[in-house]
1. Inside region A:40-49, can you point out the residues that are within 12 Å of the chain's Cα centre (by Cα), over 18 Å from A:THR26 (Cβ atoms) and touching a residue at least 12 places away in the same chain (Cβ under 8 Å)?
2. Looking for whichever is out of contact with any Pro (no Cβ under 9 Å at 6 or more places or on another chain), touching a residue at least 24 places away in the same chain (Cβ under 8 Å), among the aliphatic types (A, V, I, L, M) and within 14 Å of B:LEU46 (Cα to Cα) here; the options are A:ILE61, A:ILE29, A:ILE73, A:ILE56. Which one fits?
3. Here are some residues: B:GLU240, B:GLU203, B:GLU197, B:GLU250. Which one is farther than 30 Å from B:GLY23 by Cα and over 16 Å from the mean Cα position of the chain (by Cα)?
4. Checking the condition in contact with a strand residue (DSSP E or B) (Cβ under 6 Å, 6 or more places away or on another chain) and either at pLDDT below 90 or closer than 30 Å to B:GLU169 by Cα (or both), which residue from B:ALA269, B:ALA230, B:ALA209 passes?
5. Identify all residues within region B:149-168 that are of a type in the set (Gly, Ala, Ser) and surrounded by fewer than 18 Cβ atoms within 10 Å (Cβ to Cβ); write none if there are none.
6. Taking B:GLN74, is it more than 24 Å from B:GLY10 (Cα to Cα) and either free of Cβ contacts under 8 Å to residues at least 40 places away in the same chain or surrounded by fewer than 19 Cβ atoms within 10 Å (Cβ to Cβ) (or both)?
7. Sort out which residues of region A:26-49 are over 23 Å from B:TYR53 (Cβ atoms) and modelled with pLDDT of 95 or more, and write them in order of number.
8. What single numbered condition from (1) closer than 25 Å to B:ARG44 by Cα; (2) in contact with a Gly (Cβ under 7 Å, 6 or more places away or on another chain) fails to hold for A:VAL35?
Amino acid sequence: MEIVKNAAAGTLESSDVLICVEPADTLQIEIQSVVAGQYMDAIRDAIEDVLAKAQIKTGKISAQDRGALDCVIRARMETAILRGGSQS
Amino acid sequence: MRRTMLFLPGNTPNMLINGDTLGADSIIYDLEDAVSPDEKDAARILVRNTLKYMRGKGCEIIIRINPIESDYWQADLEEVIPCKPDLIMPTKVGSGQDVQIVAEAITALEKRAGIPEGSVGILPLIETALGVEKAFDIASASPRVAGIFLGGEDLTADLHCKRTREGQEIFYSRCRLVCAARACGVEAYDTPFTDVEDMLGLEKDTQLAKSLGFSGKAVISPRHVETVNALFSPTMEEIEYAHDVMDAIEEGRRQGKGVISLRGKMIDAPIVKRATQVLEMERQMFGGEDV
């Protein structure tokens, strides 16, 4: 699968995360989080895991996290990919 | 026991993840009215993940899906059935055939997911005049049906009348639903009281529902859970009386009596049935041995 258009999923409300995806030549992941100090690695792991399962190797991913749990981050990532991706 | 069924919007993480801590017997993850059309995809993925990773203990999970006339209901089921929710709530159900269509779709998805057939029940939401008139057909349409649930807001729009605090406009529908449900041996659940601030109105509305024979009531706010739970629970006096009834039955059997009385009144089959129901609720509320 590859990201072929700009798309977003999630919100900036508490316990949620806003994920934006857009096409790019390389894989770039940017994360802003209110709990970055404690959970930055876990957030990155969740995002990378969803990308790996979808076999996405390129694209710009930006995540603005408001304290979302792992299952929420994964859901929003999956939705963003669904909206912006296409089977390659 | 479903004294309370708390609606939670399916695309709101901070409500979904805390749903099982709010005291309701059941929580309803809503994929229908609480989710805008352009967020249906996000909601069903979020609900699926919440079910998969965060399932609470001791709190029944119901998923309200979109109506079968919509383009969404099959995708709703495909996403959530593999996570084995307790019940699916189809909306705007107008016939027994509507229930059978949903039941067949669930069966196919259970097979595909490798979960035992019949694991997921159905709680049809009846919210149209046609649905009310077809309540018996709906309640008896499938062995998956655990109960039927009245939705007062859409119903009053369909009836061309205004929804009021007193609820006279849905009195017939309430009675019809309870009668149909009991005739089929399933439960009946009442529509939510939608004014979150009016606690006295909630109390009166819940008392009315209980007096008509409903087993519980949906709520749209966590603030309503405690009141509805309390009113649909047996009182300590009712529990003590139920124990006395069963003790008297046991004692009568030991003595070989054909007719048994308690506190000057004959104990007949309906009294025993009611006592059994009260003790079953006591067991579910406080634990203990099966009655």
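The values are calculated or read from the model by the stated rules, or taken from the named source; none is laboratory data. Keep in mind it's a predicted model, so treat the numbers as computed, not measured. When we count neighbours, we look across all protein chains shown, and the Cβ atoms used for this are built from the backbone with ideal geometry, even at glycine.
1. Start the filter on region A:40-49 by keeping residues that are within 12 Å of the chain's Cα centre (by Cα), which leaves A:43-49.
Then drop every residue that is not over 18 Å from A:THR26 (Cβ atoms), which leaves A:43, A:45-46, A:49.
Of everything in region A:40-49, those that are within 12 Å of the chain's Cα centre (by Cα), over 18 Å from A:THR26 (Cβ atoms) and touching a residue at least 12 places away in the same chain (Cβ under 8 Å) turn out to be A:ILE43, A:ALA46, A:ASP49.
2. A:ILE73
3. Details: B:GLU240 fails: farther than 30 Å from B:GLY23 by Cα; B:GLU203 fails: farther than 30 Å from B:GLY23 by Cα; B:GLU197 fails: farther than 30 Å from B:GLY23 by Cα.
Within the list B:GLU240, B:GLU203, B:GLU197, B:GLU250, the selection yields B:GLU250.
4. Working: B:ALA269 fails: in contact with a strand residue (DSSP E or B) (Cβ under 6 Å, 6 or more places away or on another chain); B:ALA230 fails: in contact with a strand residue (DSSP E or B) (Cβ under 6 Å, 6 or more places away or on another chain).
It is B:ALA209.
5. Let us first name the residues in region B:149-168 that are of a type in the set (Gly, Ala, Ser), namely B:151-152, B:157, B:167.
Matches in region B:149-168: B:ALA157 only.
6. Working: more than 24 Å from B:GLY10 (Cα to Cα): no; either free of Cβ contacts under 8 Å to residues at least 40 places away in the same chain or surrounded by fewer than 19 Cβ atoms within 10 Å (Cβ to Cβ) (or both): yes.
Criteria not met by B:GLN74.
7. A:THR26, A:LEU27, A:GLN28, A:GLU30, A:GLN32 - these are the residues of region A:26-49 that are over 23 Å from B:TYR53 (Cβ atoms) and modelled with pLDDT of 95 or more.
8. Among (1) closer than 25 Å to B:ARG44 by Cα; (2) in contact with a Gly (Cβ under 7 Å, 6 or more places away or on another chain), the lone unmet condition for A:VAL35 is (1).
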